[in-house]
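The values are calculated or read from the model by the stated rules, or taken from the named source; none is laboratory data. Quick caveat: nothing in here was measured; it's all calculated off a predicted structure. Here the Cβ positions follow ideal geometry from the backbone for every residue, glycine too, while neighbour counts run over all protein chains shown.
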Amino acid sequence: MEQGRFQPGRAGLFEEEPAADEELWTGDDSADHGGWFCVKTDPFPCPAKGCTFVAEFMTAAHLILVWQESDDPNLLRHAARAKEVGRNPRIAEYATSYGPSASYYAWEAAGGPVHGVRAP
């Protein structure tokens with residue numbers, strides 16, 4: 001595992017509560033990702049202590065990660081990781097009705113922010 005990178009099933013929980021002024025990364029609210037692709041999974045809870053969010057897609061900071069191409073190597077890598085931890089991944093065409101989204105590459109450019117987890 002790369003130092004400082006998060007991987008499914010390999011993150012730890014913060015023991016302390018998030019600071020009151022902590023804000024989730026929101027990505028680019030103006031982007032329309034309809035028709036892009038995402039990784040749908042079996043439901044899994046957010047690992048942040050006290051958070052009740054349950055994801056059904058590969059997410060970052062509660063945003064569904066999306067890719068322009070269904071065969072993008074990073075999409076396939078994330079789907080493979082989800083399979084390794086038993087989340088039953090399926091590549092699906094993203095629809096805005098699924099919830100808020102963020103481009104995988106915008107997320108990477110922002111430093112890969114993740115809600116409530118840190119490297120072990």
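A few notes on this one:
- Test: residue in segment 109-118 that is at pLDDT 90 or above, surrounded by fewer than 21 Cβ atoms within 10 Å (Cβ to Cβ) and assigned to a strand (DSSP E or B): no
- Listed here are the strands (runs of 3 or more DSSP E) enclosed by segment 16-85 that have at least 3 residues being modelled with pLDDT of 90 or more and within 16 Å of PRO113 (Cα to Cα): 63-66.
- Just so you know, in segment 71-107 the residues that are in contact (Cβ under 8 Å) with a residue 24 or more places away in the chain and among the acidic types (Asp, Glu) include one that is surrounded by the most Cβ atoms within 10 Å (Cβ to Cβ), and it is ASP72.
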